[in-house]
Every structure is written in structure tokens, then in C-alpha cells.
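The values are calculated or read from the model by the stated rules, or taken from the named source; none is laboratory data. From a predicted model like this one, the values you see are computed outputs, not experimental measurements. We place every Cβ from the backbone using ideal geometry, glycine too, and count neighbours over all the protein chains shown. Side chains are part of the model used for accessible areas, which takes the heavy atoms of the whole protein and leaves out ligands, DNA and RNA. Shrake-Rupley method; radii C 1.70, N 1.55, O 1.52, S 1.80 Å.
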Amino acid sequence: MEKTSLRILQYQNIVQLLCAQTSTVCGKELASSLSPSDDFAYIEQNLSETAEAYAVLEEKTPPFGGIYDIRPLLKRVQIGHSLKEEELSQLQHTLYGFRQLKHFFRDLPMPAPLLKTYSSQLEILGNLENAINNIIDEYGAIRNTASVELNRLRHEIKHSQMRLKSVLDNILHNNEMQKYFQENIVTIRADRYVIPVKQEYRHAFPGIIHDQSASGSTLFIEPLAVTDLNNDIRQCQLSEKREIARILQVISAKVAREAETLKGNYQLAGTLDFIISRAKLAKAMHATRPTMNQQGSTDLKKVRHPLMEEQTTVPVDIKLGKGYRTLLITGPNTGGKTVTLKTLGLVVLMAQSGLFIPANVDSELAVYRNIFADIGDEQSIEQSLSTFSAHMCHIINIIDAAQKDDLILLDELGSGTDPQEGAALAMAILEQLISVNASIVATTHYNELKTFAYTHPNIENACVEFDIKTLRPTYRLIIGIPGASNAFTISSRLGLSEKIISRAKELVTENQSDFSEILNTLEAEKLAYEQKNRQLSEKEYHLRLAKQKFLHEEHNFKNNRQKSLQKTREDCAHLLRNAKREAESIIKTLKAQFNETNSHKRQQAIAEARQLLGQAYQNLPAESSIEVPNGVPIDMKKLHVGDIILVKNLQQTGNVVEIHDREIVVQLGSLKTTVKPKACLFISPAKSAPKEVSHSTVHYASVQKNVTIKRELDIRGLLVNEAEIILDKYLDDAILAGLKQVIVIHGKGTGALRKGIQEFLANNKHVENFQLAPNNEGGSGATVVTLRG
């Protein structure tokens, strides 16, 4: 990228913001050397890394604390130098930081393949880390246990110091010597323990003078009684230093052997820090990832200048490359034309550097080969260049270097000279740049360029909006129409005499005046159209929400209806099953009550009742055909026997049989139940006079029917309880058919079925007697049953 353009677009300010987000020296170096690329694959790779880092930051921040720049100390150990204690402490913290960083990305619950690839390459040097931890404590001091000899020497020093202090304490507490001491304390001078003695008593207190106070009134004397002890301590201290030097040299040699691995780890940590810092900058700017393309199409939505305050910046929409490669922006001064140029140029540089941009998430950007910018006053007194000359020199360089897929930003093209000549030069320059298929955004005040843009197929007009009422720019970019300078209107509202304004209008040529009026009309119509379009979009949005809500409610209604119907069907089936069981119980009771002389009529009634119950169960309506009638609350004063009501909890209709003060007896098919009035709804009055219900006599219609039944019943393979049900029904049918004797085939097997069946037959009132069949009819595998008449 052209360095001049990077300076003009303030790219270095973005780099500085990025550096402020880094946590390591290496990460900061990588950030400071950041530069845009025109390699599409490389840009996508960097943006993907930033996207992964952004997702990671949504969860938690990676740990980069404690990672020092270890490259200088690694360089020293590689040439044979020993590490200092503070350097070893830095390396200790850095090794711990590498381990924490690797574990952080390893344990990430989210997918982050690019970042995890970097972190997986971090090599944990456990042996070296343990060796350093055994030497250096958490405060950066050499441990006593760093070696056996060091531990011995420090214990000896401590023991000698205790002995020495004991001797000195005895001297200080000697009453005869109290007058000699300036202060009753022990201090250290030149690594020797001394006592402050008054100057006048120096001859009375034997010892070695090591120092004196600034006034000379106090001498720091080492008593002769502790000289040997001080010598012993000093000798041990020198031995301690030599042992520490030896320990540091040994560990430094170990570090030197792992120097290249440590350098690689530090570089990887710096790379991860650099990527995370890009995501931090994106979060700070509320930036998003743009969609990059190689088709030269740029569509920025609600983009802001990255270096301006978000709260005070008006976002703009910029489109370029779809239908036109050149955008010509016009409008009044301070309207935002130059800011729009810088915004476009800077966000392109950011995106091609792998950074997110402050724009809506669905923004698109083309990858440009190079970016050229001619913005601002380039006047040079040293080179005797005017503003026009300085701009023209830069534009000449741009024209010479411009190629296909370059982005060229030109501010106030052709200004600084005669308007007609400047406009002509601007048109020629644009034609030349268009001919190389570059993408161009230029600003101007010249009406000739506005007309030129209308007639050229590859140029689109645009303007920065200006509010005539408030005399303030709105900073919105409107693509499709050129802008007017509004000089007369602004001057009038600012208080310029109407006489002067009228004269100025007379001096403007008719064509120029008409053109300005057309521009104002176009701008007003465009604003009205945009307002209506926004209203339509808002209505469409609300309609879409309403439709989604309706579809959701419809879906819920269908689901609830289906569930309700299914429950109703299950309740109906349950009621019928209960009714069938109740009827079977009644039939058994009737069997016990009927005398033998009514046997034939009894069996006919039983058969008819069973048939009717079976038909009722088989004719159970499908769930789609169940309809629950609507009703009204019951008025007990108007309710009569025979009226049809709905029992709400059963969702079943029935006839009122009895009416009591606070209860209603309802006949639901074969089921009679007592309910509260609140639990029911009135459906319709009785269709006919209610029938009396007898509670003492059960009437059955006579059933005239020819019954054909076999003489043999095969129940082999059934369980006893299953066989009893089938045999009971079979005996009823046999009696109806007039059979006197039947054969039940139960097989031999274990004999359990035979025993169970014979016990059943022994208790059955229809059975006269039974016995095992003859050998020619099954023997012990069958039972002959004689029925009562």
C-alpha cells in the first residue's frame, strides 16, 4: 500500500489503538508492524482468526499475564552467560504463563480451530519449569533448598548471627558501658555488625572502627569480642554467593539447551496475543466482520469513521462497484464529504489488515490491490508549490501507478484553479482512471462534473444531505442525486441583505439557476421517496410479525384441538369399557337369579346384550368426527327430567334422569352418574316425554336367532384365565344352540390347564357333570361336558 495514503487516512492511529490492546511485548511488536494485504486468502484467514478470538472473548479473556519478553535473557544464556536471579524469576513466570495459555485453549468448550492450532504448538517444558521452581521461590529469591551446600551455609550463617547478637546484647546491657553508647542498638556497616559509640569514648571501647556519622559525633565500632564471629559470618556469606553463582550457572545451561523452544513458545504466545488484541479492538469499536469479495463490489451499511466518537458520528451507507465504479459526491462544505472518503479508505485498510470494521454485520467490501488517497491541503512552502500544484503532483503519481482493482479517493478534484479549467481537468482525470478499471470516489463542487456524471454510464452521483431549515448538515450520504451548494439560501438565513442576494441571482446564468433548482427538486423528491420507503418497510415488518404470530397461534390451536379430541376419544373409550364391564357383571348376576325353566330365554337375552355392547364399542367415533356441542349454564328452575345436558369434565351429553336440590342424576348411555349443576351445561330440552326408569326389573327384548356352534372347543396354548373367558362364552352359546354335551380340548402338557378348566366347570351352574374324554376322542387331553337342560 502507498505510504502517503496510509498517512493521509490515519492508518497509524488504528495501529496505535491496536497496540494498546496487547498484553505482551511480542504481541505489541506484531501489532505495530501490521499492514494491509491484497491477498484474498490471507485476509480471510486473518478475519477468521479475529472472529474466533471475538467468540472466545464473549466467554472469557485468555491469560497472558506473567509472560515476559525472555528473548534478551535467552540470547545471553546462548553465549554462555549466567542468568541473574530476577531474570530466572521472569523465566519462571513466563513458563507458567505458557502452560496456562495452552490449557486455556485446550479446555475451551467452543470450536476455535485456528487458535487451538497455535496453542497446541506451545511446548510445555515441565522438567525445566520444575528445576527453576526448585531454585526460585514465588518472590524471586533463591530457595535454601536449591542445593545441599547452600542450605548448610545459610544455616551456619543464621547460627553464627544468633551467637553474635547474643554477645552484642550482653555488651549493650553492661551497665558499666552504657555511657559509651550513642544508642543502645546493633547495626551493620560493610556487612559487619557494629555498635554506635560516642566519639569521646572511642579509646575506652576497644574495637575496629568501620564508619562514623556525618557530624562525626558517633563512631560505628565492631567490638573485638565479635571480630572472629563476624569473620566467620563474612566467610560463609562469600561461600553462599559462590554457591548461588554455581546454581545459576547450572540452571542457565539447562535454559540454553531449550532456548530455541522457548523462543518459539514466546512467538506463539505473541501471535495469540496479537489475534486476541484484534478482537478486543473490535469489541471496543462495536465492529463486525465484513464479507470480502473479489468482484470489486462494496456495500457498507451504517459505517462509521473508526477514529470518531460513536455517539457523535452519523453512520452512512456507501455503495460502489455494482453498476458503477465511480461515485461523485457533491454538497456544501462541512457536510461530511471528506469524512466519507476517509471512512471508506480507512475501513478498507482495516478489513484488509484482518480487523473488523464499525459497520452493520451484513456489510460487504471488495479486496483492492492498492489504495490511493488525495485528501487535504498538500501545500508546500519549501518546494514553492501552491495547493493546486501540490494536489496535481500527487494526482499525477496516482495516475501513473493506478491499475485495475485499485481504490482511488480524490477530495475536491480540480479545485484551486479556474473553475472551468479545473472542471475540464477533473473530467479528463476521471476518464483516465475509469479506463484502467479502478474504483473511484471523488468529491467536487463543480456543476459540470455533476452533469458529466449523469451522462457517463460508469459514474453515479451522490450528495451529503443538508437541512435548509436548520442550516446544518445531517451528514447522511444520499446516492443517486447530486447535491447543491445552497449558497443563496444559507446566506439569506444568516442575514445577508436580500438586495445583494437578488443581484447575485441575476448574475448567475439562467442555465446554472435552472440546474440548481432541478437539483433541489430532485433532492426533495428523493427525501420524500426515502421517507415513504421507510414507512412501507416498517409496515411490511409489522405485517410480517403479525403473520408469524397468526401462524404460530394457528399451529398451537391445531395442536390443542388434536390433543383435546384425542383425550375425548380416550375418555369415551374408558366409559364404554366401564359400561361393558358393568353389563357383564349384571349378566352374571342375572345368570344366578334366573331359574332353569327360563334358560333358553335367558341365554337369548344375554347374547343380545353382549352383541349390542360389542357394536357400541366398535362404533366408537374417530377423533376427527367428535364434536363437543356448545351450551349455556344450567338454570335449576327451568331444568326438567329428560333435558339434554353436557357433563364438562367428561365432555359427554346425556339425559337428565332425576333432579335434586343441588345435584342432577344424568344417564350417559349405559352409565348413570350424579353431578353438580356447575359441572354441566344445558344443551336442549327433552325431545319426548321422559320414560320411567325401573330400578327393580330389567327387561330384555327377545332375540329370535338361529345359533350354529361346533360341538368341540379347542383351548390349547391359552392361559387358564384366558381359557375360562372363552369357555364361559362358549357354554352360553352351546346352551343357546341346544347342545346337551360338548368336548373341551385342553391338551395334556403339564396338566395345569386341564386342572384349571375342570375347577371352572365344577363351579359353573350350566354344567351337569364332566369327565375325561374316551381314548378315541382325546383321552386325558380333552374333557366331555354335559350341560343342563
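Structural remarks
- Within the stretch 501-521, considering residues that are closer than 29 Å to Ile318 by Cα and open to solvent by 80 Å² or more (accessible area, probe 1.4 Å), the one modelled with the lowest pLDDT: Gln512
- Pick from the stretch 717-755, criterion of a type outside the set (Gly, Ala, Ser), surrounded by 15 or more Cβ atoms within 10 Å (Cβ to Cβ) and part of a loop (DSSP other than H, G, I, E, B), ranking: farthest from the chain's Cα centre (by Cα): Leu739
- Considering residues of the stretch 217-245 that are more than 30 Å from Lys198 (Cβ to Cβ) and in contact (Cβ under 8 Å) with a residue 60 or more places away in the chain only, the residue farthest from the chain's Cα centre (by Cα): Cys236
- Residue within the stretch 141-148 that is at pLDDT 90 or above and over 23 Å from Glu86 (Cβ atoms) present: yes
Per-residue answers, yes or no, for (1) within 53 Å of the chain's Cα centre (by Cα); (2) open to solvent by 60 Å² or more (accessible area, probe 1.4 Å); (3) modelled with pLDDT of 80 or more:
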site	(1), (2), (3)
Lys499	no, yes, yes
Glu523	yes, no, no
Arg534	yes, yes, no
Arg561	yes, yes, yes
Arg581	no, yes, no
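- One residue alone among Val255, Val250, Val347, Val303 is more than 28 Å from Ser35 (Cβ to Cβ), at pLDDT 90 or above and open to solvent by less than 10 Å² (accessible area, probe 1.4 Å), and that residue is Val255.
- Looking across the stretch 641-687 at every residue that is part of a loop (DSSP other than H, G, I, E, B) and open to solvent by 80 Å² or more (accessible area, probe 1.4 Å), the one that is modelled with the lowest pLDDT is identified as Lys687.
- Boolean, Ala428 is part of a helix (DSSP H, G or I), out of contact with any Cys (no Cβ under 7 Å at 6 or more places or on another chain) and either at pLDDT 80 or above or surrounded by fewer than 20 Cβ atoms within 10 Å (Cβ to Cβ) (or both): yes
- Residue within the stretch 39-62 that is β-branched (Val, Ile, Thr), open to solvent by 20 Å² or more (accessible area, probe 1.4 Å) and within 28 Å of the chain's Cα centre (by Cα) present: yes
- Hey, Thr291 polar (S, T, N, Q), under 29 Å from Tyr42 (Cβ atoms) and open to solvent by less than 50 Å² (accessible area, probe 1.4 Å) or not: no
- In a residue-by-residue description of the stretch 400-420, the property of being open to solvent by less than 10 Å² (accessible area, probe 1.4 Å) and part of a helix (DSSP H, G or I) applies to no position.
- Single residue of the stretch 1-12 satisfying the filter (assigned to a helix (DSSP H, G or I) and open to solvent by less than 60 Å² (accessible area, probe 1.4 Å)) that is farthest from Leu341 (Cα to Cα): Thr4
- Looking across the stretch 81-91 at every residue that is touching a residue at least 40 places away in the same chain (Cβ under 8 Å) and open to solvent by 10 Å² or more (accessible area, probe 1.4 Å), the one that is nearest to the chain's Cα centre (by Cα) is identified as Ser89.
- Residue that is most open to solvent (accessible area, probe 1.4 Å) [pool: residues in the stretch 431-453 that are charged (D, E, K, R) and within 19 Å of Ile481 (Cβ to Cβ)]: Glu448
- Residue list for the stretch 16-33, restricted to those being buried (at least 20 other Cβ atoms within 10 Å of the Cβ) and within 26 Å of Val339 (Cα to Cα): Leu18, Gln21, Ala31
- Condition met for Gln758 (in contact with a Phe, Trp or Tyr (Cβ under 8 Å, 6 or more places away or on another chain) and either open to solvent by 40 Å² or more (accessible area, probe 1.4 Å) or assigned to a loop (DSSP other than H, G, I, E, B) (or both)): yes
- Test: residue in the stretch 201-215 that is within 30 Å of Ala53 (Cβ to Cβ) and part of a helix (DSSP H, G or I): no
- Members of the stretch 233-250 that are touching a strand residue (DSSP E or B) at 6+ places or on another chain (Cβ under 9 Å) and not charged (D, E, K, R): Ile233, Ile244, Ile247, Leu248
- Subset of the stretch 184-205 [over 16 Å from Lys165 (Cβ atoms) and open to solvent by 70 Å² or more (accessible area, probe 1.4 Å)]: Ala190, Glu200, Arg202, His203
- Considering (1) farther than 22 Å from Thr451 by Cβ; (2) modelled with pLDDT of 75 or more, the lone condition that Ile490 does not fulfil carries the number (2).
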